[in-house]
Each structure stands twice: as C-alpha cells, then as structure tokens.
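Asker: The structure under discussion is supplied below as structure tokens; questions concerning it will follow.
Coordinate-derived values only; no laboratory data. Just so it is clear, the structure is predicted and the values come from calculations on it, not from any experiment. When we count neighbours, we look across all protein chains shown, and the Cβ atoms used for this are built from the backbone with ideal geometry, even at glycine.
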Amino acid sequence: DAGVTQSPTHLIKTRGQQVTLRCSPKSGHDTVSWYQQALGQGPQFIFQYYEEEERQRGNFPDRFSGHQFPNYSSELNVNALLLGDSALYLCASSFNVEATDTQYFGPGTRLTVL
Amino acid sequence: GNSVTQMEGPVTLSEEAFLTINCTYTATGYPSLFWYVQYPGEGLQLLLKATKADDKGSNKGFEATYRKETTSFHLEKGSVQVSDSAVYFCALSLDFGNEKLTFGTGTRLTIIP
C-alpha cells in the first residue's frame with residue numbers, strides 16, 4: 001500500500017518564477033492538506049482540499065493556490081516566488097469520513113528560491 | 001487562536017537515559033493532540049496521539065498523557081536509543097483529518113552512545 005508521494009524531491013527556482021508541486025494521497029484517502037516548513041520551524045498549514053474544493057486556508061497570500069483532481073491527487077502552485085518561500089513543502093492526506101483517522105505526511109519537496 | 005508551545009532544544013542525552021519533552025497548548029474547544037517525529041531528510045511520521053482528556057498515547061516505548069487541567073501533552077520515554085535521534089513535533093487538531101494541524105516549533109533530540 002503506497003503512502004503519500006510527492007514530486008519533485010528538490011527544486012531550485014529564482015525570484016519571480018512560478019512553481020508547481022505535486023502530491024498523490026495514500027490509497028483510500030480523499031482529503032489533501034499542504035504545509036510549509038521553514039528551516040528550523042514547525043509546519044504551517046497552507047490549505048486543505050476535499051471534493052476538488054479548497055475547504056480551509058491558512059494565513060498565506062493568494063500567490064499560493066492549489067488544485068485537487070478527481071483521482072484525489074493535488075497540486076500546489078506558488079507564483080511570483082520570493083526568497084522567503086524557500087522551505088520544505090509537505091503534503092498530508094486523510095480520509096474525510098473516518099473520524100478517528102489522522103493525517104499522513106509525504107516526504108516533502110524541498111524548494112530553494114535564489 | 002490555537003497554539004502549541006514546545007520545550008526548546010536541542011536536547012542531547014546519553015543512550016538509556018530518561019526522556020521528557022514538554023508540550024503545552026492553547027485551544028478553543030477540545031483538541032486532539034499528537035506527537036510527530038521527523039528523521040533526517042524525511043517527512044513527518046505520526047508517533048502517537050490522544051483524543052480526549054486523560055487518554056494516554058503510546059508507541060515504540062514513547063508515551064504522552066493528555067492533561068486538560070494543565071493543558072499539557074508531555075512526551076516521555078524510559079530508555080532512549082541512538083535511533084531515537086530526530087526532531088519531535090507536538091501538534092493539535094480540532095477534528096482529526098478534517099481540520100488543520102497546528103504544530104509547535106519542534107525539539108531536536110540527539111542521543112549519544
């Protein structure tokens with residue numbers, strides 16, 4: 001049973017560019033959440049997708065957007081990259097109906113903005 | 001708003017020592033509490049969880065008890081191993097997978113042989 005997978009593993013961009021990160025949830029999961037983890041910090045919630053809609057959003061600017069596909073996979077897009085966007089981006093999946101379940105994390109995508 | 005405060009690290013212990021990592025929280029409502037572990041170069045793994053007051057979560061020799069009266073969820077292990085070296089995050093959620101996780105800043109633990 002495959003867990004949460006993310007691609008790419010590492011990415012280097014320059015300021016002002018745009019980036020797309022991808023996530024495939026754990027088998028049987030229908031909800032995807034994205035987190036940003038700056039170096040030496042805890043993960044910060046960006047947003048959550050369920051039924052192809054953004055259900056919750058954290059305190060991130062509109063430069064951060066996302067999408068969920070019918071197969072439950074998800075993308076995170078960041079426009080007009082800033083140096084401060086350099087971080088580990090984590091995707092987590094869960095099953096909406098299962099009230100006792102929790103979020104399972106992927107290995108992350110390390111984004112470096114130069 | 002909701003927040004988690006963790007004991008600042010780094011923490012360095014000798015193998016077989018007793019471990020405590022403190023965690024306190026502030027939340028509206030009745031959160032579920034979690035400990036996640038992050039090994040070098042990897043994502044987060046759920047270590048243990050507790051869903052209501054006085055619940056004790058346990059896994060791999062680690063334990064934490066949900067203390068509503070002190071709003072705490074301290075992580076403990078009786079005898080640490082070198083393989084326990086990692087960063088530990090305390091987190092809360094108001095509704096498991098349907099609600100965002102709010103994390104502490106993490107505590108880096110290093111165990112020396």
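Asker: Of the residues B:Thr12, B:Thr5, which single one is in a strand (DSSP E or B) and within 21 Å of A:Gln37 (Cβ to Cβ)?
Answerer: B:Thr5 is the lone residue from the list that is in a strand (DSSP E or B) and within 21 Å of A:Gln37 (Cβ to Cβ).
Asker: Would you tally the residues in the stretch B:69-84 being among the acidic types (Asp, Glu) and touching a residue at least 24 places away in the same chain (Cβ under 8 Å)? Talk me through it step by step, then tell me what you get.
Answerer: Quick first cut of the stretch B:69-84, residues among the acidic types (Asp, Glu) only: B:69, B:76, B:84.
Those left that are additionally touching a residue at least 24 places away in the same chain (Cβ under 8 Å): B:76, B:84.
Counting residues in the stretch B:69-84 that are among the acidic types (Asp, Glu) and touching a residue at least 24 places away in the same chain (Cβ under 8 Å) gives 2.
Asker: Looking only at the stretch B:1-55, filter to residues that are more than 12 Å from the chain's Cα centre (by Cα), among the polar types (S, T, N, Q) and loosely packed, with under 15 Cβ neighbours inside 10 Å; which one of those is nearest to B:Pro113 (Cα to Cα)?
Answerer: Among them, the one singled out is B:Ser14.
Asker: Name, by its number, the condition in (1) free of Cβ contacts under 8 Å to residues at least 60 places away in the same chain; (2) away from chain A (no Cβ under 14 Å); (3) in contact with a Leu (Cβ under 7 Å, 6 or more places away or on another chain) that does not hold for B:Val11.
Answerer: All conditions pass for B:Val11, except number (1).
Asker: Looking at A:Trp34 and the list (1) more than 14 Å from the chain's Cα centre (by Cα); (2) surrounded by 17 or more Cβ atoms within 10 Å (Cβ to Cβ), which single condition is not satisfied?
Answerer: (1)
Asker: Looking only at the stretch B:21-51, filter to residues that are assigned to a loop (DSSP other than H, G, I, E, B) and of a type in the set (Val, Ile, Thr); which one of those is farthest from the other protein chains (Cβ to nearest Cβ)? So that I can check it myself, show each step before the final result.
Answerer: We begin by selecting, within the stretch B:21-51, every residue assigned to a loop (DSSP other than H, G, I, E, B); these are B:22, B:27-31, B:39-43, B:51.
Okay, now just the ones that are also of a type in the set (Val, Ile, Thr), so B:28, B:51.
Working: B:Thr28: 15, B:Thr51: 8 Å.
Of everything passing the filter in the stretch B:21-51, B:Thr28 is farthest from the other protein chains (Cβ to nearest Cβ).
Asker: Within chain A, considering only strands (runs of 3 or more DSSP E) that don't extend past its boundaries, which have at least 3 residues that are within 8 Å of chain B (Cβ to nearest Cβ), closer than 28 Å to B:Pro31 by Cβ and touching a residue at least 12 places away in the same chain (Cβ under 8 Å)? Walk me through it before giving the result.
Answerer: Values: elements: A:5-7, A:10-13, A:19-24, A:31-37, A:44-50, A:53-57, A:64-68, A:74-78, A:87-94, A:109-113.
Result: A:31-37, A:44-50, A:87-94.
Asker: Here's a follow-up. Sort out which residues of the stretch B:56-89 are out of contact with any Cys (no Cβ under 8 Å at 6 or more places or on another chain), surrounded by 15 or more Cβ atoms within 10 Å (Cβ to Cβ) and closer than 11 Å to B:Val37 by Cβ, and write them in order of number.
Answerer: B:Phe62, B:Asp84, B:Ser85, B:Ala86, B:Val87, B:Tyr88, B:Phe89
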